[in-house]
Amino acid sequence: MKTEYEALLAEITEYARNHEKKERFAHSVRTAETCAALCRRFGEDADKGYLAGIAHDMCKECDDMELVSLAVKDGLPVSPIERTHLSLLHGRAAATLLKEQFNLNDAAVIEAVQHHTFGMAGMCNLAKILFIADKIEPGREHVTEKYLKKTEKMALNELAMFVVSENISYLQERGKKVAPATQEFLESLKVENR
Ligand SMILES: [Fe+2]
Ligand SMILES: [Fe+2]
């Protein structure tokens, strides 16, 4: 018989498979696997990591109306960047779905999925790990063997700082706005690392 976790994971995986394009679902599976492996490396719950990874982009293909109505249920304001790019609400929307449709009440998984797009100051370890996994899953072009070698010995906050800094440079090089939440995430990691 399936455990409660296995049943929930199967349900969420099916939802993600049915609501994501093929390539995106493949990214979700790689993110889930990377997230679980990082959880094992940093002493967090790998099952929770896998679940957060498989769920994180499940609302990325929702229409705008649905995105907004799901996202704002977390009670947070819609930021200027989110307002101009509604798709950036997909993490918050997915967190609502996890709570309302899948009856998940694990605070760490919810926080990880909710804030995986921008990050946030003071996030829990699982949320830091999902943020990292989303950016360093092996399907990402910059993730070479050399890159993985460089990151394999880093402590969690060090790795998070490395990945967030790269993310900020990537956005800046392309003339894109960096969300204040992402800057605050980086600053909070620096403080935690002192
Ligand atoms: Fe995402
Ligand atoms: Fe993603």
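State yes or no: is ALA121 assigned to a helix (DSSP H, G or I) and either out of contact with any Ser or Thr (no Cβ under 6 Å at 6 or more places or on another chain) or among the small types (Gly, Ala, Ser) (or both)? No. Pairs linking a residue in the range 53-69 that is over 9 Å from ALA94 (Cβ atoms) to a residue that is basic (Lys, Arg) and within 15 Å of ligand 2 (Cβ to nearest atom), with Cβ atoms under 8 Å and 6 or more positions apart or on different chains, are GLU61/LYS21; GLU61/ARG24. Residues being of a type in the set (S, T, N, Q), under 20 Å from ASP47 (Cα atoms), surrounded by fewer than 24 Cβ atoms within 10 Å (Cβ to Cβ) and in contact (Cβ under 8 Å) with a residue 24 or more places away in the chain are entirely absent from the range 152-159.
The sole residue among LEU130, LEU104 that is part of a helix (DSSP H, G or I) and in contact (Cβ under 8 Å) with a residue 12 or more places away in the chain is LEU130.
Sub-6 Å Cβ pairs linking a first residue in the range 24-35 that is in contact (Cβ under 8 Å) with a residue 40 or more places away in the chain to a second residue that is part of a helix (DSSP H, G or I) and near ligand 2 (Cβ under 8 Å from one of its atoms), at least 6 apart or interchain, are THR31/ASP134, ordered by first then second residue. For the range 97-120, check the following and say yes or no: at least one residue is in contact with a helix residue (DSSP H, G or I) (Cβ under 7 Å, 6 or more places away or on another chain), among the aliphatic types (A, V, I, L, M), within 20 Å of GLY43 (Cα to Cα) and within 13 Å of ligand 1 (Cβ to nearest atom). Checked the range 97-120: at least one residue is in contact with a helix residue (DSSP H, G or I) (Cβ under 7 Å, 6 or more places away or on another chain), among the aliphatic types (A, V, I, L, M), within 20 Å of GLY43 (Cα to Cα) and within 13 Å of ligand 1 (Cβ to nearest atom). Considering the range 25-80, and only residues there that are away from ligand 2 (no atom under 16 Å from the Cβ), of a type in the set (Lys, Arg) and over 23 Å from ASN103 (Cβ atoms), the residue that is surrounded by the fewest Cβ atoms within 10 Å (Cβ to Cβ) turns out to be ARG40.
Since every read-out is calculated from the coordinates, none of them should be taken as a lab result. This structure is a prediction, so every number in the text was calculated from the model and none was measured. Cβ: placed from backbone, ideal geometry, glycine included. Neighbour counts: every protein chain shown.
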